[in-house]
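*Asks:* Encoded as structure tokens, here's the structure I'll be asking about.
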Amino acid sequence: MQKLNELALEKAKTLLANGTVARVLGWKKGELGYDLEPAVFYSESDLEGFIYNAFSGANLSKYLIEESKKEGKVLVFLKPCDSYSFNQLVKEHRIVKENVYTVGIECQGKLDVKKLKEKGIEIVDGVIENVDDVTVISLGKEYNFVKEEVLLGKCSVCEKHLLSYDEVISLHDKRTPKLDRFEIVKKLEAMTADERYAFWKGELSKCIRCNACRNVCPACNCLKCVFDNDASGIASKANSDSFEEKLFHIIRAFHVAGRCTDCGECSRVCPQAIPLHLLNRKFISDINRLYGEFQAGEDDVTKGPLTAYTTGDAEPSEVFGGNK
Amino acid sequence: MKKISCENLSKLYSEIASLQELYLPVKESGVTNYKKYENGAEVDIKTLKTVKSAKDFFFPQTEDMMEFKVNGKNIEINDARKVANPFVIFGVRACDLKSFDILDKVFLQEPVDTMYKAKREASTIITLACNNPEQTCFCKTFGIDASNPAGDISAIIVNGEMLFEAKTEKGAELLNKLTCLEDAGDTDADAERAEIVKKSENLPFANLNLDEFKGENLMKLFDRPEWAELSKACLGCGTCTFVCPTCQCFDIRDFITNEGVRRFRCWDSCMYSEFTKMAAENPRKTQLQRYRQRFMHKLVYFPQNNDGVYGCVGCGRCVQKCPQNLNIIKVIKKLGGKNND
């Protein structure tokens with residue numbers, strides 16, 4: 001996997017040098033070995049900070065809303081999951097596709113720093129990544145893990161594949177996830193209403209309304225969020241009760257339904273470890289049942305089932321019973 | 001000094017809780033935060049950094065200030081401030097304790113913030129030394145000793161026992177009431193404290209250079225081109241400000257209820273786009289400006305106005321929690337001065 005970093009770096013240098021692109025959107029090294037940050041690189045010397053490794057979990061596609069509107073082309077590295085967000089944003093006319101040079105890059109799942117910390121790893125000096133396992137070097141010791149133990153939640157069930165790009169950097173077939181992403185949805189559906197309420201109350205009551213989930217979400221791309229708009233009369237920074245946040249998150253999930261690609265960034269960034277993606281995944285599961293299998297972001301033109309009416313559309317009652 | 005075996009800590013919690021409301025780090029739904037102690041709570045004193053800091057006890061995320069009730073042409077104004085009953089906070093780390101000093105400088109200067117003061121006075125703080133400071137801890141950079149926080153009572157774990165020492169009269173009063181504790185005899189914590197100091201010293205960010213952050217460099221720092229790069233990935237969310245023990249900005253808003261209007265205050269974040277929105281203009285239009293504000297405040301403006309005391313305690317919560325891994329360490333390393341690499 002280390003080879004991927006070298007190839008990506010080489011690609012970035014070449015395309016910058018020959019003028020194909022004016023800048024590069026990628027990931028930059030941090031201070032602790034795992035704290036990579038999304039960054040824009042303008043020159044070969046800038047690129048000294050570039051890195052693509054097991055901690056390049058951040059989805060870069062949303063940054064293209066701004067970057068693709070600037071002068072000159074931007075090179076972006078897209079992991080499989082990022083590219084679905086990219087397509088969705090192109091479809092929604094938020095990214096100027098002509099100004100982006102896309103390089104798809106192999107991904108075998110990214111690591112969750114929180115899970116590593118639970119295993120006693122606080123700083124990372126190196127990572128040796130294989131398809132199914134990973135060795136983390138920390139303070140002189142080597143720790144080997146099977147991927148499932150330490151992957152980000154979004155990666156452990158990832159079935160996304162490399163889509164169409166200007167170029168692709170890939171050396172291995174993608175690993176097949178050992179878990180089905182809808183298993184957890186089925187578990188929630190199997191709960192009684194009271195159990196489910198207790199589950200979500202426990203989770204959503206932790207919300208501190210930092211808006212990290214909204215701000216990182218590629219589907220949350222309104223120029224101004226209604227919750228930030230004082231004139232809306234509903235802009236709020238406080239809850240009237242400890243569970244009011246359920247409404248914020250449920251409204252947000254409705255708003256992105258049919259457009260959410262299940263990129264999992266909401267749960268990756270939540271400081272209180274709320275599994276927000278489960279709300280979205282429930283919607284995806286329902287959409288699949290109601291309208292047939294649909295994956296948002298699979299391409300950048302197809303209208304989603306919730307934005308296109310066909311006479312064949314199912315009435316919810318046909319699937320879930322109850323009155324029309 | 002008094003002591004108790006760590007195996008019997010639940011007895012201690014129950015006894016304190018029988019005297020006053022007790023708040024301590026509890027693990028719930030996978031994360032550790034301060035909660036009111038209840039029997040069966042999963043108390044977690046291993047986690048150093050609760051997600052939300054201990055500042056919540058004195059400066060909660062939201063609190064009511066007053067209520068307006070409209071009756072015909074009369075408006076009745078009621079005090080909605082809650083009475084602060086005496087309470088105990090257990091397990092406060094050295095960094096969070098220091099954050100109270102910083103908040104005091106803001107809320108206890110004239111005009112005194114009565115809501116903050118009432119809660120501050122109602123509290124008894126039991127601190128806990130950090131036996132195993134983490135890689136993301138850098139309190140030492142700000143002159144804080146993780147091995148020996150004070151508070152009203154200081155606690156430290158030594159060889160499976162927790163030792164207690166009263167640091168104030170209020171602390172001594174509480175300590176004397178606790179029958180589950182035994183006399184510590186000649187047990188002392190000096191060796192353990194020395195060990196912690198050594199560990200803290202060896203952490204990667206223990207000795208960051210802050211030399212450049214001084215008032216006379218204000219404009220120079222303000223204009224540094226590196227802010228663009230430092231803030232590039234910032235999402236403009238409020239995570240860093242909400243988990244920060246020293247961030248103290250708030251907004252005052254009105255909530256229309258069935259009976260009238262409730263005025264409350266709530267945390268605000270300088271990272272938010274509307275934070276500086278005023279009638280005529282919003283002076284901070286870009287995320288770069290907002291990002292710069294947060295760090296200039298902590299590292300330059302605050303110390304300039306407060307005898308050199310920085311507005312950061314090195315707890316490392318922002319280092320752990322920023323969605324895109326931006327944090328104050330990266331700022332200090334870039335702008336703080338020499339030898340930061």
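*Asks:* Collect the residues in region B:267-286 that are touching a residue at least 24 places away in the same chain (Cβ under 8 Å), more than 10 Å from chain A (Cβ to nearest Cβ) and over 27 Å from B:Phe58 (Cβ atoms), keeping them in residue-number order.
*Replies:* Answer for region B:267-286, where residues must be touching a residue at least 24 places away in the same chain (Cβ under 8 Å), more than 10 Å from chain A (Cβ to nearest Cβ) and over 27 Å from B:Phe58 (Cβ atoms): there is none.
*Asks:* Which residue, of B:Lys36, B:Lys11, is surrounded by fewer than 16 Cβ atoms within 10 Å (Cβ to Cβ), away from chain A (no Cβ under 14 Å) and of a type outside the set (Val, Ile, Thr)?
*Replies:* Being surrounded by fewer than 16 Cβ atoms within 10 Å (Cβ to Cβ), away from chain A (no Cβ under 14 Å) and of a type outside the set (Val, Ile, Thr) holds for just one of B:Lys36, B:Lys11, which is B:Lys11.
*Asks:* If the requirement is being within 12 Å of chain B (Cβ to nearest Cβ) and either loosely packed, with under 14 Cβ neighbours inside 10 Å or at pLDDT 95 or above (or both), which of these qualifies: A:Ala231, A:Ala193?
*Replies:* A:Ala231
*Asks:* Could you say whether any residue in region B:318-337 is of a type outside the set (S, T, N, Q), more than 23 Å from A:Glu31 (Cα to Cα) and touching a residue at least 40 places away in the same chain (Cβ under 8 Å)?
*Replies:* Within region B:318-337, not a single residue is of a type outside the set (S, T, N, Q), more than 23 Å from A:Glu31 (Cα to Cα) and touching a residue at least 40 places away in the same chain (Cβ under 8 Å).
*Asks:* Still on this model: Check A:Lys154, A:Lys114 and return the single one that is outside the structural domain of A:Tyr84 (by TED's automatic domain parsing), in contact (Cβ under 8 Å) with a residue 24 or more places away in the chain, in contact with an Asp or Glu (Cβ under 8 Å, 6 or more places away or on another chain) and part of a helix (DSSP H, G or I).
*Replies:* A:Lys154
*Asks:* Hey, another quick one. Going by the conditions given, is B:Ala166 under 10 Å from B:Ser200 (Cα atoms), aliphatic (A, V, I, L, M) and away from every other protein chain (no Cβ under 14 Å)?
*Replies:* The answer is no for B:Ala166.
*Asks:* Something else now. Name every residue in region A:43-66 that is buried (at least 22 other Cβ atoms within 10 Å of the Cβ) and not polar (S, T, N, Q), in order of residue number.
*Replies:* Across region A:43-66, the qualifying residues are A:Tyr52, A:Ala54, A:Phe55, A:Gly57, A:Ala58, A:Leu60, A:Lys62, A:Tyr63, A:Leu64.
*Asks:* Kindly indicate which of B:Thr168, B:Thr136, B:Thr179, B:Thr187 is within 30 Å of A:Glu31 (Cβ to Cβ) and either touching a Cys at 6+ places or on another chain (Cβ under 9 Å) or polar (S, T, N, Q) (or both).
*Replies:* Criteria check complete, one pass: B:Thr136.
*Asks:* Can you name the condition, by its number, that B:Glu134 falls short on among (1) over 22 Å from B:Gln320 (Cα atoms); (2) surrounded by fewer than 23 Cβ atoms within 10 Å (Cβ to Cβ)?
*Replies:* So B:Glu134 meets the others, but not (1).
*Asks:* Another question, then. It is to be established whether one or more residues within region B:279-288 are β-branched (Val, Ile, Thr), under 30 Å from A:Arg268 (Cβ atoms) and part of a loop (DSSP other than H, G, I, E, B).
*Replies:* Within region B:279-288, one or more residues are β-branched (Val, Ile, Thr), under 30 Å from A:Arg268 (Cβ atoms) and part of a loop (DSSP other than H, G, I, E, B).
*Asks:* I've got another one for you. Can you tell me which residue in region B:254-266 is farthest from B:Pro60 (Cα to Cα), limited to those that are assigned to a strand (DSSP E or B) and more than 7 Å from chain A (Cβ to nearest Cβ)?
*Replies:* Within region B:254-266, the match that is farthest from B:Pro60 (Cα to Cα) is B:Gly260.
*Asks:* Out of the residues in region B:51-84 that are of a type in the set (S, T, N, Q) and either in contact with a helix residue (DSSP H, G or I) (Cβ under 8 Å, 6 or more places away or on another chain) or buried (at least 16 other Cβ atoms within 10 Å of the Cβ) (or both), which is farthest from the other protein chains (Cβ to nearest Cβ)?
*Replies:* Filtering first and then ranking leaves B:Ser53.
*Asks:* So in region A:202-225, with the set limited to residues that are of a type in the set (D, E, K, R) and not in a loop (DSSP other than H, G, I, E, B), which one is farthest from B:Thr239 (Cα to Cα)?
*Replies:* A:Glu203
*Asks:* Just to confirm my filter: which strands (runs of 3 or more DSSP E) fall fully inside region B:20-97 and include at least 1 residues that are of a type in the set (Gly, Ala, Ser)?
*Replies:* Of the strands (runs of 3 or more DSSP E) lying wholly inside region B:20-97, those with at least 1 residues that are of a type in the set (Gly, Ala, Ser) span B:87-92.
*Asks:* Looking at region A:81-99, is at least one residue within 14 Å of chain B (Cβ to nearest Cβ), more than 17 Å from the chain's Cα centre (by Cα) and hydrophobic (A, V, I, L, M, F, W, C)?
*Replies:* No; the residues of region A:81-99 include none that is within 14 Å of chain B (Cβ to nearest Cβ), more than 17 Å from the chain's Cα centre (by Cα) and hydrophobic (A, V, I, L, M, F, W, C).
The values are calculated or read from the model by the stated rules, or taken from the named source; none is laboratory data. As the structure is a prediction and not an experimental result, all values here were calculated from the model. Heads up, the Cβs are rebuilt from the backbone with ideal geometry, glycines too, and the neighbour counts pull from every protein chain shown.
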